[in-house]
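Enquirer: Supplied in structure tokens, the structure appears directly below.
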Amino acid sequence: MMIISVRAVQLTRFTDLGLRVVMYLVAGPPESMPSTRTVADRLGLSYAHTTKVVARLGELGVVTTRRGRGGGLGITELGRTASLGWLTRALEGDEEVVDCEGAQPCPMRRGCRLRSKLRAAQDAFYTALDDITIADLADSGAGTVLLDLEAPDGR
Ligand code: SF4
């Protein structure tokens with residue numbers, strides 16, 4: 001019996017970190033531009049991972065960076081208004097739930113109906129995230145919690 005490798009519908013750590021960063025930035029006052037270090041500290045993330053995530057968010061146009069004194073990270077208008085589904089898709093990439101064509105391609109792939117059903121389920125997962133924007137995530141109580149986050153050592 002063949003054992004197929006299935007990636008559960010689970011976000012990658014990279015995507016999770018990206019969503020945490022944009023939620024934190026969207027909750028802050030529009031004029032505030034925290035440094036990457038501050039964001040990493042407040043969210044309990046490693047600086048190296050945060051830097052990579054911020055670079056990708058910058059490529060996607062949802063985060064802007066300003067260098068020099070008073071510089072830092074800011075959320076763009078696209079970042080505020082983008083749907084959670086769009087951003088999650090963009091961070092995850094287009095990998096399928098099941099790797100049918102990997103190092104050992106599945107011999108059933110030519111006539112497999114399971115594959116298309118799994119694709120449809122994956123699409124449905126992202127579609128369910130399309131009716132909320134990033135800004136919505138920081139509305140009311142959530143935004144207050146995000147702004148109250150302190151660095152682990154109280155900085
Ligand atoms: S082709 Fe079908 S059975 Fe084979 S790995 Fe893909 S989804 Fe699974």
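The values are calculated or read from the model by the stated rules, or taken from the named source; none is laboratory data. Computed from a prediction, not measured in an experiment: that's the story for all the values here. Neighbour counts are summed over all protein chains in view; Cβ atoms, including those assigned to glycine, are modelled from backbone coordinates with ideal geometry.
Enquirer: Considering only segment 54-73, I want to know if a residue exists there that is closer than 19 Å to D130 by Cα, part of a helix (DSSP H, G or I), at pLDDT 95 or above and out of contact with any Gly (no Cβ under 8 Å at 6 or more places or on another chain).
Expert: There is at least one residue in segment 54-73 that is closer than 19 Å to D130 by Cα, part of a helix (DSSP H, G or I), at pLDDT 95 or above and out of contact with any Gly (no Cβ under 8 Å at 6 or more places or on another chain).
Enquirer: With the structure loaded, tell me whether E95 is acidic (D, E) and at pLDDT 95 or above or whether it fails that test. Outline the logic, then answer.
Expert: Values: acidic (D, E): yes; at pLDDT 95 or above: no.
So E95 does not fit the description; no.
Enquirer: Give L45, L11, L84 a once-over and let me know the one that is away from the ligand (no atom under 16 Å from the Cβ), within 21 Å of L137 (Cβ to Cβ) and modelled with pLDDT of 95 or more. Lay out the reasoning, then the answer.
Expert: Values: L45 fails: modelled with pLDDT of 95 or more; L11 fails: modelled with pLDDT of 95 or more.
Checking each option against the conditions leaves just L84.
Enquirer: Looking at G93, G79, G71, can you tell me which residue is surrounded by 10 or more Cβ atoms within 10 Å (Cβ to Cβ), within 22 Å of the chain's Cα centre (by Cα) and away from the ligand (no atom under 16 Å from the Cβ)?
Expert: On the way: G93 fails: surrounded by 10 or more Cβ atoms within 10 Å (Cβ to Cβ); G71 fails: within 22 Å of the chain's Cα centre (by Cα).
Matching residue, one of G93, G79, G71: G79.
Enquirer: Related question: Find all pairs meeting these conditions: Cβ atoms under 9 angstrom apart; at least six residues apart or on different chains; first residue within segment 109-121 and over 18 Å from Q10 (Cα atoms) and in a helix (DSSP H, G or I); second residue within 6 Å of the ligand (Cβ to nearest atom) and of a type outside the set (F, W, Y).
Expert: Listed by first residue and then by second, the contacts come to R109/C100; R109/R115; L114/I4; L114/V98; L114/M108.
Enquirer: Pull out all pairs, ordered by first then second residue, where Cβ-Cβ is under 8 Å, the residues are six or more apart or on different chains, the first lies in segment 122-137 and is within 14 Å of Q10 (Cα to Cα) and in a helix (DSSP H, G or I), and the second is among the small types (G, A, S) and at pLDDT 95 or above.
Expert: If the second residue must be among the small types (G, A, S) and at pLDDT 95 or above, the pairs left are Y126/G85.
Enquirer: In contact with a strand residue (DSSP E or B) (Cβ under 8 Å, 6 or more places away or on another chain), free of Cβ contacts under 8 Å to residues at least 60 places away in the same chain and surrounded by 13 or more Cβ atoms within 10 Å (Cβ to Cβ), is that true of G58?
Expert: Spelling it out, G58 is indeed in contact with a strand residue (DSSP E or B) (Cβ under 8 Å, 6 or more places away or on another chain), free of Cβ contacts under 8 Å to residues at least 60 places away in the same chain and surrounded by 13 or more Cβ atoms within 10 Å (Cβ to Cβ).
Enquirer: Please work out if G102 is part of a loop (DSSP other than H, G, I, E, B), farther than 21 Å from L17 by Cα and away from the ligand (no atom under 16 Å from the Cβ).
Expert: No.
Enquirer: Let me ask something else about it. Output the number of the condition that E101 fails; it satisfies all remaining conditions of (1) in contact with a Ser or Thr (Cβ under 9 Å, 6 or more places away or on another chain); (2) outside the structural domain of G18 (by TED's automatic domain parsing).
Expert: (1)
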